[in-house]
Every structure is written in structure tokens, then in C-alpha cells.
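This report refers to the structure that appears directly beneath it.
The values are calculated or read from the model by the stated rules, or taken from the named source; none is laboratory data. What you see is a predicted model; the values in this text were computed from it and never measured. Positions of Cβ are generated from backbone atoms using ideal geometry, with glycine treated the same way; all protein chains shown enter the neighbour counts. With ligands, DNA and RNA removed, areas are computed over all heavy atoms of the protein, side chains included. Shrake-Rupley method; radii C 1.70, N 1.55, O 1.52, S 1.80 Å.
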Amino acid sequence: MTQHRVHVPKTRRRLAALAAVSLVSALAVPLLSATPATAATPLRTLAAAKGKFIGFAGATGPLADEAAYRTIAQTEFNQITAENAMKWESTEPSDNNYTWSGADQIVAFAAANNQQVHGHTLVWHSQTPGWVQGLGATAMRTAMQDHIATVVGRYANNASLVSWDVVNEVFDENGGFRTSFWYNTLGQSFIADAFRYARAADPNAKLCINDYNVEGINAKSTAMYNLVQSLRAQNVPVDCVGFQSHLATQYGFPGDMRQNLERFAALGVEVRITELDIRIQTPRTSAKDTTQATYYTNAVNACLAVPACSGITIWGFTDKYSWVPDTFPSEGAALLYDENYQPKPAYTAVNTALGGSPTGDTQAPTTPSSLAASGVTSSSVNLSWTASTDNVGVAGYDILRAPGTSGGTFASVGTSTTASFSNTGLSANTSYRYQVRARDAAGNTSAVSNTVTVTTTGGGTGDTQAPSTPSSLAAAGTTSSSTNLTWTASTDNVGVTGYDILRAPGTSGGTFTSVGTSTTTSFSNTGLSANTSYRYQVRARDAAGNVSAVSNTVTVTTTGGGTGGGCSVTATVQTQWNNGYVMQPVTVTNTGTSAISSWTVTFTLPSGHAVTGQWNAVLTTGGQTVTAKNAPHNGALAPSASTTFGFQASRPNGDTATAGTFTCTTP
Ligand code: G3I
């Protein structure tokens, strides 16, 4: 394998050791002959049906600032890795000075969008502040322990954060240990120590070792294999191995990737593709796009073929934000979407490999015209336009807005399936510019319409009366992935302009967030998970932007999807000693003919035994019976797919019995 990667070591000033440390090339994209088609079914839906996650490396800037970035992030992905926000220089830039804004932002976004978070990364030679690099051995080990305890501890009870890269990139290309400051100061013991500190800080998180150029079978991946085998033989809690997969079309695809993943899986670890991107030598051409798409297909297929592969994280999703051009001049365009958020053949490839059926249509809809504004108040405007036409049908319109009467950037403020849209929440006495573009069922987008400029009226003197509260909210026609809501209309002195549909997860707790709007008294919410409960409320908005109180709450539980969901369980004693033992892996397999979204394992503890640790499942003990429910990240299993969890138990001195009578049920 000859992938050339560059890690720029940071030159750091040595600080006095402390005894106790608490811790694109402006891508000229050519006009490609065809706009790639996208799929009706988002990647996350397809991946979940196969029992895998599909994720992206999230950058805090665009996640906060760009609606288009956020929309794809929440629609297409069910997993996030912080691209930079959880690295040491971000979380503890100076000794014991912790800064959480970026990390918390990533976790909050994931929680709001039902996504799992992979923490990246605790112990790495890069992006670690100079004050750490200059410490002596004792102080450095203490600094590492404190950092891990604090960072992992902060999210230990957070349901979204399920796994960590504990150590990152510890090998050189020949399979020797990288002579990083960690290794030079502490020797290889820092690796086992880091895992033990992480397990102590969060017994439930899956703990991973992560590296690049280990995708195929080679000297470096074999060194990784030997290390993981040896660490696990010493009961060091290594649960998972991450294969970064920063690939490049000019170096070929590692054709033995599947076999490599399989040999690691045989060690009993979870495997995952953690940082997938496939760069090309820019500029793009159709031929290069096609090769890249094939590589993406190969990578997804390798993970799908290995039950222990939990999923795939793409290192970003839009070529607008990618580390590649900064590191490899004249290379880039490595991701699924171009710099304008248009899906590339790589997207179609991933969608297809995950089982989607993107259409082959490449014809864009006609451009919407005659965009006009009416009913301007101090906080809202009604837009209407002449509808577009399309050979496969117009699926909807994106409404774009820029600030002021000139300059700024147009960003999406909403979508509409009709030729009108009401934009609310505007500031009084303020100018905005609007454009509209059409999307077809295959994801092709039209050119943008004419621009209309709107200036809201002065606030203060307008209508302040809220609409009456919508009532009798009810759900009907609930399937495994959708439900239809209806309610009784609100009334208002200046007219009801629409309704916000709010949803919270589960039957209690959580937060209600908007999942859509409607200008009628009904709404169909799609893309739901099977066998899952949701709560809905509705509120009305009027033309002046006043909102009503929320309606009654209706709770919906989706059906199981398909028929014949069921599961089986097998349990293995991994290690035991005089007064305790570890059972791992406890393997849960979907034995049914349809996907399951959750599972429950029960087993019996002999008298005097007690569970003292657990991972990848949530265990509760009642008498001698233990109930293990899936963790948030491993409940979804496709037919025949498996997942594993483990636990540790104590027992009376000399007792040689272990837990038994394992049974599995769904949900
Ligand atoms: O935040 C500063 C900003 O304030 C400053 O103005 C700007 C000027 O260059 O730099 C910004 O920091 C950059 C940071 O990304 C955030 O954008 C750093 O210079 C830049 O070096 C850093 O690059 C990151 C790189 O890791 C550092 O090694 C990439 O975004 C990130 O994608 C990349 O990710 C790594 C994984 O963590 C580990 N595996 C390899 C992968 C790719 O190199």
C-alpha cells in the first residue's frame, strides 16, 4: 500500500512538569455530463435496515452556520464523529482548563437528531497541546489519566455518546510503534493504560483503537492485529478497531479489506470504518467520479459483508469542507457531495450499496418563475411562484434566503411541496432576498428563480394576538415507518398561516422539536423507526408571526415492520478468576425475517453473584434475574445480523459457576 499521508507535528514549547495535572485548490469542477441522481431513501434509513450506522465527521462551524449542511447532516446520517472538537487541543488547551463548547455542540446536535456519537480522540500525537508533550513520564501519565477521566466522564451518562477512539495512530508504516512523544516518554504501556482509564471513566462506552493504512492486510495492519490480540489476552478493555480508510484512487482499492476486517472480527472485537474518504487528483472528470464511486461501493460492501462491522463514518460529506486539499495539493473532491451540496456519483454508489434504488434520472426540473411576495408583516412574508415541471415529477421546492438587499449568501430556510411558502420568524424593519429552486423525485435541482426583495414592516404596532390552540390532535394509519396526524383547525384575527409539527422521542422525557410544517390540518411524518414510540404536538402560526399554545399530545408507536422478528443469544466466558469472571461476547442475533429495532436478553445469576461492569447493553438486576436491553447504538439488527455485549460479575471465593439460562426476546 502506498498511500502517502502527512501529519504535521506540532512544535511545542516544553513546560515545567507538574506532579499532579488535572486535567482545494479552488476546485474548478468541470461541467459533468450528467447531474448524479440521488435517492428517495436517506442513507441512514437504508443503513439502519441493515443493522449498521452511517455517519460523518462533523465540523462545528457549518453545523452552526449553514442550513444546507445541517439538513444533509440530519437527514442522511445516524452517527457523528467530531472532526476536531473532541481532540485534546480543543477540550483541554491548557492544563486543567477544559473547554466544552464544540464537543457539547456536536453531542447536542446528535441528540436532537437521534444520532450516535463516536468520541475522537483521547490520546494522539497530533493536536495535543505543548504542555502535555513537554511533561516527564509520571506527570504525563497523570495528565493522560486526568484528561481521559474528565473528557470521558463528562459524557459517560449521555445516551448519544456510545464509543471512543482511545488511542489513535500508534503505528508507523512498517508496523513498529510510532516514536511519538507518548511512546518516547512512556513506552508502549501508555496504550493499555489509556484503555483502562477510559473503561474506568465509562464502563458502557465501546473503546476503540484507530489507525490509517490498515485497511488491507499489510505489515501495519498485522502489527495492529497482534497488538489487539495481546492487549485482550491481558484483559485490557479493547472493544473495537477503527480502520480510518483515507483512500485515494491513484493507489488502488485494498481488495483484501473484507478479509482483513474478518480476521480482526475473529479476535472478538467490533470493527468499523471510521474516516472514509476517497480522494482523486483534481479536477474532477466523469471517469474519476466513476472510479471513486466504485471504491465507495467496495468499502461499503466490505463492511456489510462482516457482521462485526458496526458501520461506516465518512470523513465529512461535502467537498466544501474536507481536510484533503489542505494536506495533499492538487487532490480532493473526496466526499459524497460537491461544494454546492449536490450529490455526486459517490453518493449514489453508497446509497445503492446500502440497498437503495436511486433512479437513473438526470433531468433537472424547469426553473420556477414569477416569484412574488405578499402579506408582509413585521415578522413574516408569504411567497408564491409559478410551478416547475419535470419528467419524473417535481418533489418539492427549496426556499433560499439571503440577508439585506445585496451581498451575503443564499441559504435554505425551508422546503415546500406546493408553489407557496410562508417564512416566519423574521425581524421587523429588515430586508431579505428570496429565491426558489425545484427538486425532482431523483434529487435533481433546477436553476434558481428570480430574486424577490422583501422589507418587513415596523414591529410594535402590528397584531399580537396568537391563534387559538389546535385541538383533537390524533394519529391514524401508523405503519413501521410513518404516521398520519390530523387536528382541529385554529382560528386567528389576521389568519392562520400554518402549523408547526413538533415531535419528542419515546413516551416521556426528551424534547419536542419541529419535524415539519403544514398549511392544512394534517401532516404525514415519515422516516420513523419500527417498533418505536414518538410523541407529537402541533401549534399554529398567524400572519404576524404569533404562535399559539401547543395542542394535546398524541403518542404513537410504530409497528414492527415485516413479520417474524425474533432473536437468539449465545454467551461465552472470556476469562475468569477466583472470585469473578467476564462474559464476552454475548452475541445477539436477529433470527427473524424482518429488521428489529430493539432486543432484551435475560439471564440468571447464581446465588452470591453480582454484575460489576457492563458494556454495549444496559443491565438491570432483579433478584437473580438480570435483564439486558440493547444500548442506543446496537438495537437495530437486520435479519441474520448480530451484535455483542459483555459484562463482568463477582462471585464468592472459590465458586466456579457462571451466569446461565440466556434468553432473547424482541422488542
Ligand atoms: O481552528 C483553527 C483556526 O482557528 C485557524 O484559523 C485555522 C488556520 O489554519 O486552523 C484551524 O485549525 C485547523 C483544524 O483542522 C480545524 O479546521 C488546523 O489548522 C488543521 O490542521 C486541522 O486539521 C485537521 C487534522 O485532522 C489535523 O491533524 C482536520 O480538520 C481533520 O480532518 C483531520 O482529521 C484527522 C483525524 O483526526 C485522524 N485521522 C486522520 C484525519 C485526517 O488527517
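Mind checking which residues of the stretch 510-538 are more than 22 Å from the chain's Cα centre (by Cα) and farther than 22 Å from Asn382 by Cβ?
Within the stretch 510-538, Ser524, Arg535, Tyr536, Gln537 meet the criteria.
Within the stretch 194-252, which residues are open to solvent by less than 10 Å² (accessible area, probe 1.4 Å) and of a type in the set (Gly, Ala, Ser)?
Scanning the stretch 194-252 gives Ala194, Ala198, Ala205, Gly216, Ser221, Gly242, Ser245, Ala248.
Restricting attention to the stretch 415-444, which residues are of a type in the set (S, T, N, Q), out of contact with any Leu (no Cβ under 8 Å at 6 or more places or on another chain) and surrounded by fewer than 20 Cβ atoms within 10 Å (Cβ to Cβ)?
Listed by number, the residues that qualify are Thr415, Ser416, Thr417, Thr418, Ser427, Asn429, Thr430, Ser431.
Scanning for something open to solvent by less than 20 Å² (accessible area, probe 1.4 Å), touching a Leu at 6+ places or on another chain (Cβ under 8 Å) and closer than 24 Å to Leu247 by Cβ, does the stretch 138-161 turn up at least one residue?
Checked the stretch 138-161: no residue is open to solvent by less than 20 Å² (accessible area, probe 1.4 Å), touching a Leu at 6+ places or on another chain (Cβ under 8 Å) and closer than 24 Å to Leu247 by Cβ.
Against the definition (within 16 Å of the ligand (Cβ to nearest atom) and open to solvent by less than 50 Å² (accessible area, probe 1.4 Å)), how does Ser180 come out, yes or no?
Yes: the conditions hold for Ser180.
Looking at (1) within 16 Å of the ligand (Cβ to nearest atom); (2) within 30 Å of Asp239 (Cβ to Cβ); (3) part of a loop (DSSP other than H, G, I, E, B), which is the only condition Ile312 fails?
The single condition Ile312 does not satisfy is (3).
Has the stretch 123-133 got any residue that is open to solvent by 20 Å² or more (accessible area, probe 1.4 Å), among the aliphatic types (A, V, I, L, M) and not in a strand (DSSP E or B)?
Scanning the stretch 123-133 turns up no residue that is open to solvent by 20 Å² or more (accessible area, probe 1.4 Å), among the aliphatic types (A, V, I, L, M) and not in a strand (DSSP E or B).
Can you tell me which residue among Ala595, Ala610 is of a type outside the set (Val, Ile, Thr) and surrounded by fewer than 20 Cβ atoms within 10 Å (Cβ to Cβ)?
Within the list Ala595, Ala610, the selection yields Ala610.
Matching residues to (1) in a helix (DSSP H, G or I); (2) farther than 21 Å from Asn616 by Cα; (3) not hydrophobic (A, V, I, L, M, F, W, C):
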| site | (1), (2), (3) |
| --- | --- |
| Arg70 | yes, yes, yes |
| Ile80 | no, no, no |
| Met86 | no, yes, no |
| Gln105 | yes, yes, yes |
| Phe109 | yes, yes, no |
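All but one of (1) among the β-branched types (Val, Ile, Thr); (2) open to solvent by less than 30 Å² (accessible area, probe 1.4 Å); (3) not assigned by TED's automatic domain parsing to the domain that holds Ser245 hold for Thr313; which doesn't?
(3)
Which residues, taken from the stretch 560-592, are surrounded by 17 or more Cβ atoms within 10 Å (Cβ to Cβ) and of a type in the set (A, V, I, L, M, F, W, C)?
Cys567, Val569, Ala571, Val582, Met583, Val586, Val588
Kindly evaluate Ala47 against the criterion of being more than 12 Å from the ligand (Cβ to nearest atom) and buried (at least 24 other Cβ atoms within 10 Å of the Cβ).
yes
Yes/no matrix, rows are residues, columns are (1) at positive phi; (2) within 16 Å of the ligand (Cβ to nearest atom); (3) crowded, with 20+ Cβ neighbours inside 10 Å:
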residue: Pro62; (1), (2), (3): no, yes, no
residue: Thr71; (1), (2), (3): no, no, no
residue: Ile80; (1), (2), (3): no, yes, yes
residue: Trp88; (1), (2), (3): no, yes, yes
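How do the strands (runs of 3 or more DSSP E) wholly within the stretch 469-569 filter down when requiring 2 or more residues that are closer than 30 Å to Val601 by Cα: which remain?
Counting at least 2 such residues, we get 496-505, 533-542, 554-557.
List pairs: first in the stretch 189-202 and over 11 Å from Leu231 (Cα atoms), second open to solvent by 20 Å² or more (accessible area, probe 1.4 Å) and of a type in the set (A, V, I, L, M), Cβ under 7 Å, 6+ apart or cross-chain?
That search, which allows pairs on different chains as well, returns Tyr197/Ala149; Ala201/Ala149; Ala201/Ala156; Asp202/Ala156.
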